[in-house]
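For reference, the structure is listed below as structure tokens.
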Amino acid sequence: MSEIQKLNYHKTHFLTSAANITQLPEDTGVEIAFAGRSNAGKSTALNALTNQKSLARTSKTPGRTQLINLFEVEPKCKLVDLPGYGYAAVPEQMKLQWQKSLAEYLQKRECLQGVVILMDIRHPLKDLDQQMIEWAVASELPVLLLLTKADKLSQSARSKTVKMVREAILPFQGDIQVEPFSSLNKIGQDRLAAKLDEWFSPAFAA
Ligand SMILES: Nc1nc2c(ncn2[C@@H]2O[C@H](COP(=O)(O)OP(=O)(O)OP(=O)(O)O)[C@@H](O)[C@H]2O)c(=O)[nH]1
Ligand SMILES: [Mg+2]
């Protein structure tokens, strides 16, 4: 087995935006997507990981990220900030369209090596989260489930939710790791970086 290289996520820079799946750049290298409900904390997590205040745009208004934003950690290693799903103010037709694109992206994108699914630790496993997990598992993609905003709960409430979610995802029978996470106080950030390092490792295979 080859050594897993530790990447420096602080060097990450913006690559490009795409309005939809068909406008994504060439399907090469290794790509890792960040998905989750609107307001789950995807953009904030990317900023925390890369130690940059405004690499990915964040907002108190849900539904802020409407484009698919791609970032490059280093050549061949890309992170993707996907628009959030489930935003109430988006018309039903657009929601359905976006869900269809998401499913297609997970199924067809060859360079996609893993999906980070973020869920607010206070509202885990909503219907669309379960749908995302199902699609990822069906596409044989490993999943890192981050329970975000863990700083909002006491240590005991946090542990209880993590345990509950770990049990609840067993029926999906996929490669799914569940971790508490906070962009504010560093909970789970090392585990996120370690997982990304693992998923990016094929980019360095001889
Ligand atoms: N307390 C706390 N707040 C957080 C954390 N992560 C994100 N937030 C807040 O949650 C809100 C939404 O965060 P975003 O990162 O914009 O969420 P998003 O998932 O990118 O949302 P969309 O782009 O709409 O899909 C912002 O007000 C953040 O400040 C966290 O770890 N702890
Ligand atoms: Mg966002």
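Go through the residues of segment 96-119 one by one and say whether even a single one is modelled with pLDDT under 95, buried (at least 17 other Cβ atoms within 10 Å of the Cβ) and farther than 30 Å from K11 by Cβ.
yes
Any residue that is at pLDDT 90 or above and more than 16 Å from ligand 2 (Cβ to nearest atom) - is there at least one of those in segment 41-51?
The answer is yes; a qualifying residue exists.
Name the pairs: first residue in segment 85-100 and under 17 Å from Q130 (Cβ atoms), second residue in a helix (DSSP H, G or I), Cβ to Cβ under 7 Å, at least 6 apart or on different chains?
Y85/W98; Y85/Q99; Y85/L102; Y85/L128; G86/L128
Among all residue pairs at least 6 apart or on different chains, which show Cβ distances below 8 Å where the first residue, located in segment 132-158, is on the phi > 0 side of the Ramachandran plot and of a type outside the set (F, W, Y) and the second is away from ligand 1 (no atom under 16 Å from the Cβ) and not in a helix (DSSP H, G or I)?
Sorted first by the residue in segment 132-158, then by its partner, the list stays empty.
The rows are residues; the columns are (1) within 24 Å of L106 (Cα to Cα); (2) in contact with an Asp or Glu (Cβ under 7 Å, 6 or more places away or on another chain).
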| position | (1), (2) |
| --- | --- |
| I117 | yes, yes |
| Q131 | yes, no |
| L141 | yes, no |
| Q155 | no, no |
| E179 | yes, no |
| K186 | no, no |
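Tell me, which strands (runs of 3 or more DSSP E) wholly within segment 89-206 include 3 or more residues that are basic (K, R) and out of contact with any helix residue (DSSP H, G or I) (no Cβ under 9 Å at 6 or more places or on another chain)?
Hits in segment 89-206: none.
For segment 10-40, what are the residues that are polar (S, T, N, Q), assigned to a loop (DSSP other than H, G, I, E, B) and either touching an Asp or Glu at 6+ places or on another chain (Cβ under 6 Å) or more than 16 Å from ligand 2 (Cβ to nearest atom) (or both)?
Result: N20, T28.
Does D129 satisfy being farther than 29 Å from E74 by Cα, surrounded by fewer than 19 Cβ atoms within 10 Å (Cβ to Cβ), within 16 Å of ligand 1 (Cβ to nearest atom) and in contact (Cβ under 8 Å) with a residue 24 or more places away in the chain?
No; evaluated as a whole, the condition is false for this residue.
Per-residue answers, yes or no, for (1) within 17 Å of the chain's Cα centre (by Cα); (2) surrounded by fewer than 19 Cβ atoms within 10 Å (Cβ to Cβ); (3) more than 20 Å from Q131 (Cα to Cα); (4) among the polar types (S, T, N, Q):
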| residue | (1), (2), (3), (4) |
| --- | --- |
| K149 | yes, no, yes, no |
| L153 | no, yes, yes, no |
| L170 | no, yes, no, no |
| D175 | yes, yes, no, no |
| S183 | yes, no, yes, yes |
| K186 | yes, yes, yes, no |
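Search segment 35-59 for residues that are under 17 Å from L70 (Cβ atoms) and among the aliphatic types (A, V, I, L, M) and pair each with any residue that is in a loop (DSSP other than H, G, I, E, B) and within 8 Å of ligand 2 (Cβ to nearest atom) when their beta-carbon atoms are under 6 Å apart and the residues are at least 6 apart or on different chains.
The qualifying pairs are L46/A56.
The values are calculated or read from the model by the stated rules, or taken from the named source; none is laboratory data. Everything quoted here is computed from the prediction, not taken from an experiment. Neighbour counts run over all protein chains shown; Cβ positions are idealised from the backbone, glycine included.
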